[in-house]
1. Any residue at all in the stretch B:143-153 that is facing chain A (nearest Cβ under 9 Å), modelled with pLDDT of 95 or more and exposed (fewer than 15 other Cβ atoms within 10 Å of the Cβ)?
2. Check B:Leu127, B:Leu177 and return the single one that is of a type in the set (A, V, I, L, M) and closer than 16 Å to B:Val59 by Cβ.
3. Only one residue in B:Gly50, B:Gly125 is under 22 Å from A:Tyr19 (Cβ atoms), at pLDDT 95 or above and either in contact with a helix residue (DSSP H, G or I) (Cβ under 6 Å, 6 or more places away or on another chain) or surrounded by fewer than 19 Cβ atoms within 10 Å (Cβ to Cβ) (or both), so which one is that?
4. Of A:Lys170, A:Lys180, which residue is of a type in the set (D, E, K, R), within 10 Å of chain B (Cβ to nearest Cβ) and more than 21 Å from B:Leu146 (Cβ to Cβ)?
5. More than 9 Å from every other protein chain (Cβ to nearest Cβ) and under 30 Å from A:Arg109 (Cβ atoms): is that true of B:Gly118 in this structure?
6. Tally up the residues in the stretch A:191-217 that are farther than 20 Å from B:Met51 by Cα and at the interface with another protein chain (Cβ under 7 Å from one of its Cβ atoms), please.
7. Of the conditions (1) facing another protein chain (nearest Cβ under 7 Å); (2) in contact with a Pro (Cβ under 7 Å, 6 or more places away or on another chain); (3) of a type outside the set (Phe, Trp, Tyr), B:Cys188 clears all except one; give me its number.
8. Within the stretch B:15-27, can you find the residues that are over 19 Å from the mean Cα position of the chain (by Cα) and either polar (S, T, N, Q) or exposed (fewer than 15 other Cβ atoms within 10 Å of the Cβ) (or both)?
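The values are calculated or read from the model by the stated rules, or taken from the named source; none is laboratory data. Everything numeric here is computed off the predicted structure, so don't read it as measured data. Neighbour counts run over all protein chains shown; Cβ positions are idealised from the backbone, glycine included.
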Protein chains: 2
Amino acid sequence: MSPTFVAPDQVIEALQWRYATKSFDPNRKIPAETWAAIEQSLVLTPSSFGMQPWKFFVVTHDGIRQQLLEHSWKQRQVVDASHLVILAIKKDVDEEEVDRYMHSTAEVRQAPLESLEGFGKVIKGFLANPQMNVNEWAAKQVYIALGQLMAAAALMGVDACPMEGFVPPKYDEVLGLTEKGYASVLVCPLGYRAADDKYATTPKVRYPLSEMVEHID
Amino acid sequence: MSPTFVAPDQVIEALQWRYATKSFDPNRKIPAETWAAIEQSLVLTPSSFGMQPWKFFVVTHDGIRQQLLEHSWKQRQVVDASHLVILAIKKDVDEEEVDRYMHSTAEVRQAPLESLEGFGKVIKGFLANPQMNVNEWAAKQVYIALGQLMAAAALMGVDACPMEGFVPPKYDEVLGLTEKGYASVLVCPLGYRAADDKYATTPKVRYPLSEMVEHID
């Protein structure tokens, strides 16, 4: 059965409505059901070979968010937004991780592990390429998650502020990510815009579609 | 005025419905209005500083798509899908590009160019960092575009297949991207799944949400 799809206009209106929220309403929290969907949208993100070389940390602890603020170039979104997500890579993905993924695939698809041998070999070969920087590859996948997150949140009417401007080693330290084998790549506070955020009404700057999309037909 | 938002359940249903489509119905084309919205979703993607270091090439030319197929590890989606998008970085983004962006911002926001001087300097400082690989930075932004594209297409009921598995230098050659100052990073055929694509009903493999999302509260 197909889901109920959304009219193209409605999708674009939501993407037009979104902007990098500079000032969040600190009193407005994202309802539980909506938040659960946002977490699901992260987990459902497609990735290279489906490997999901990531983890998402959701920080609601005030004290920890205050500590993170010190490493966020004074961007108060980190403390004022309803929820704060840190998008992290799983570091140094290796053959063992591929095997883990093959086991997970075999289980979900109720397929014999042997039937996945070829697929596992392809991924291992890909990772073993000497030109391959596995952590950069993983970081790129995390950017897909950010893109899906931005769109999903906007469609649900949730504001967000994608951030590269923070100090990843400090975040890793405060959150204890290094010991866990992760490294922070992106940060995204989510919640609802403050009534007085002037950026909400500042026109969005985009090069014209005619310059950014070229048709070869 | 706020747009009409979508219920969280409905967003998740669409993201669950999507999958990396292996077999497209070659006879079913994406309607013009829907396609226009997909192009808009690309252009509306957020990027680092809003710099949009990218361009999107839409190939509908059959002969060129046949040529690209040869450099796509035999993935027939490249020729069978309704539309084929190549997501490319703008290569070697430099200070001149920052100035161009500042001009565009001043124009859209009807602000004096001088008021953007500080912002421009921050971006130039960022790009001048010796640890900075500007093309890698641009490539990551393109992955955000892919993520937003995946979500937007799914919400509209359009199938897609995100692809890293192609030969970028060959694509660049066939499409003449190098002379234009671009380099292909990702490919995405879009259209409608074939009735017999067995992958449409293969269970989606994702690690459990409880493993992929950690709460710090």
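1. no
2. Only one candidate qualifies: B:Leu177.
3. Exactly one residue qualifies, and that residue is B:Gly50.
4. Criteria check complete, one pass: A:Lys180.
5. no
6. 3
7. Unmet condition: (1).
8. B:Gln16, B:Ser23, B:Pro26, B:Asn27, listed by residue number.
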